[in-house]
Amino acid sequence: MYYEIDSIINKLKNSKVLIIGDAMIDCSIDCELLGVASEAPVMKVKEKSKKYCLGGAANVALNLKYAKQEPVLFSIVGDDENGIILKKLMEKEGLSIDGIIVEKGRKTTIKTRYFDGIYQLFRADFEDDFDLLEDTKSTIITAIENEIKKFDIVVLSDYLKGVLSFDLIKSIVDIAHKYGKKVMVDPKDSDMAKYKNCDIIKPNELELRSMMKTCDGELSVLKSSIKEMAIKNNHEAVIVTRGKNGILAYKKDEGYEIIDAINTKVVDVCGAGDTAFAYLIAGIVSGISMENSLKLANFAAGVKVQNRGVCPIAYFQLYCNKKQIKFEELDCLRKIFYNKRIVFTNGCFDLLHAGHVYCLEEAKKAGDILIVGINTDESVKKLKGKERPVLDERDRIKMLEALACVDYVIKFSEDTPKKIISRLKPNVLVKGSDYKDKKIVGSDIVLNNGGEIKTIKMLNGYSTSKLIQRIRGLSNE
């Protein structure tokens, strides 16, 4: 379903978000099934690869960063190897670890999922879920009191791993309201009194039904439940994510909102709630209406479920009619598509013709994600002469965006895209076969990073220069 999502994304503003909650590691292990084990009637698997990602409150923080926000996370890790890994993951993503407190004797939470292709086989958790030490709580409260003026909103991400106890939540809410800051919470506890006075609460449907002690999932019952919850616990809004049934929300003085789920292929729902929560926060703190913030959150979750495992979703992945990315977004793109085969090619693409389309379609076949570099008008003039380009860069980019085989477009003003290739480090660099005996710019970078160079045979009879000459010749007749 299309919600004019592009215009909503363009309204996102850069805001400072304080997050308190349960940070964890999500570990994905790719396996090969080897059949039944000899010692017991269980499956035997062979581990092929392992990847660590940020999970829980840390995943919310990362999604917020990719949604144009400035998140700061307050959380706890143990004095163990996983605690070190979690902090390194945060630093790698450019997230501050100043709010991460080490509590001795505690296990850092890690969820390990085993996969056979896109299919999850099972999950193993390693964690402690007891309350924080009183000294740790005091440290968090003092830090929040000292820092809260810097932030635009306060977020609680509760995974019931011990960080957000009843008393700590009350202290946080009191401090936030003292300084005029709203509090949003993603809850897990079935005791809804724990979140009393939080301004906005976002349970999923199962969590809501657990809180309200009902097994009835009928829409009328859910609507009655969220209104009752809002009144009883003094919530400004209650928002319920319902998976394939979309989102149901109730806001005081405005009533209900029902947002239908987008029609998409579901690969893996892990982390979708974090993504939806992050984009809901980003929308609300940016001053976007509740309705449009819900649409943004719903759409972002719909993009997330198309990807395996826990992973952040960047705002530029949500555009429906825009594929252009900026140079500074390449690191983010590379991280998001870590498990994809990225293909890069480039050109002027002045007067897009069938030869161009053929080459781009063939380039896409070499991998999963095709990124096309395009020369700016200034660059084209240097390469082709003062009468070129015939079409300006805005029109040339628009035509490339319209092609189904093109995933992203990036412009460059230099003579060559070497700077882009150095930052992106694509798996495959593609050029036309007319470059076969020439030095392909960036080939050394790609090969040194284990990638490959692919040349595509050009279609006969297609040349932009000859096409322009032909047009000019016809115009002079």
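The values are calculated or read from the model by the stated rules, or taken from the named source; none is laboratory data. Computed from a predicted structure; not experimentally measured. All Cβ positions, glycine included, derive from the backbone under ideal geometry; neighbour counts span all protein chains shown. Heavy atoms of the whole protein, side chains included, go into the accessibility calculation; ligands, DNA and RNA do not. Shrake-Rupley method; radii C 1.70, N 1.55, O 1.52, S 1.80 Å.
Figures for the structure shown
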item: Residue satisfying condition, being touching a strand residue (DSSP E or B) at 6+ places or on another chain (Cβ under 9 Å) and farther than 22 Å from Tyr279 by Cα, within set Asn82, Asn59; result: Asn82
item: Test: residue in the stretch 27-44 that is touching a residue at least 12 places away in the same chain (Cβ under 8 Å), farther than 30 Å from Leu133 by Cα and buried (at least 22 other Cβ atoms within 10 Å of the Cβ); result: yes
item: Residue among Lys150, Lys137, Lys88, Lys104 that is more than 29 Å from the chain's Cα centre (by Cα) and surrounded by fewer than 16 Cβ atoms within 10 Å (Cβ to Cβ); result: Lys104
item: Single residue of the stretch 325-360 satisfying the filter (in a loop (DSSP other than H, G, I, E, B), crowded, with 19+ Cβ neighbours inside 10 Å and aromatic (Phe, Trp, Tyr)) that is modelled with the lowest pLDDT; result: Phe337
item: Criterion (in a helix (DSSP H, G or I) and more than 11 Å from the chain's Cα centre (by Cα)) met by exactly one of Asn321, Asn292; result: Asn292
item: The listed residue being touching an Asp or Glu at 6+ places or on another chain (Cβ under 8 Å) and of a type in the set (S, T, N, Q), out of Asn82, Asn59; result: Asn59
item: Members of the stretch 351-399 found to be touching a Lys or Arg at 6+ places or on another chain (Cβ under 6 Å) and touching a residue at least 60 places away in the same chain (Cβ under 8 Å), listed by number; result: Ala366, Gly367
item: Residue tally, condition open to solvent by 50 Å² or more (accessible area, probe 1.4 Å), free of Cβ contacts under 8 Å to residues at least 24 places away in the same chain and touching a Leu at 6+ places or on another chain (Cβ under 9 Å), over the stretch 403-449; result: 1
item: First in the stretch 271-294 and in contact (Cβ under 8 Å) with a residue 12 or more places away in the chain and open to solvent by 10 Å² or more (accessible area, probe 1.4 Å), second anywhere and outside any loop (DSSP other than H, G, I, E, B) and among the charged types (D, E, K, R), Cβ under 9 Å, 6 or more apart; result: Gly271/Asp26; Gly271/Lys304; Ala272/Lys304; Gly273/Asp186; Val285/Lys16; Met290/Lys251; Met290/Glu257; Glu291/Glu257
item: Any hit, the stretch 35-50, residues being outside any loop (DSSP other than H, G, I, E, B), within 19 Å of Cys311 (Cα to Cα) and modelled with pLDDT under 95; result: yes
item: Lys265 being of a type outside the set (Asp, Glu) and part of a helix (DSSP H, G or I); result: no
item: Search result, residues across the stretch 301-313 that are surrounded by fewer than 20 Cβ atoms within 10 Å (Cβ to Cβ), assigned to a loop (DSSP other than H, G, I, E, B) and among the aliphatic types (A, V, I, L, M); result: none
item: Checking Ile471 against (1) open to solvent by 40 Å² or more (accessible area, probe 1.4 Å); (2) modelled with pLDDT of 90 or more, the condition it does not meet; result: (2)
item: Total residues in the stretch 63-84, condition surrounded by fewer than 16 Cβ atoms within 10 Å (Cβ to Cβ) and in a helix (DSSP H, G or I); result: 2
item: Residue list for the stretch 169-210, restricted to those being over 16 Å from Leu222 (Cβ atoms), basic (Lys, Arg) and in a helix (DSSP H, G or I); result: Lys170, Lys178, Lys194
item: Failed item in (1) in contact with a helix residue (DSSP H, G or I) (Cβ under 6 Å, 6 or more places away or on another chain); (2) in a strand (DSSP E or B); (3) of a type outside the set (S, T, N, Q), with Ile141 passing the rest; result: (2)
item: Residue check, Phe122 surrounded by fewer than 16 Cβ atoms within 10 Å (Cβ to Cβ), within 24 Å of Asn82 (Cα to Cα) and at pLDDT below 95; result: yes
item: Residue within the stretch 233-250 that is open to solvent by 30 Å² or more (accessible area, probe 1.4 Å) and over 21 Å from Asp158 (Cβ atoms) present; result: yes
item: Residue within the stretch 237-254 that is at pLDDT below 95, closer than 22 Å to Glu4 by Cβ and more than 28 Å from the chain's Cα centre (by Cα) present; result: yes
item: Hey, Asp253 open to solvent by 30 Å² or more (accessible area, probe 1.4 Å), acidic (Asp, Glu) and outside any helix (DSSP H, G or I) or not; result: yes
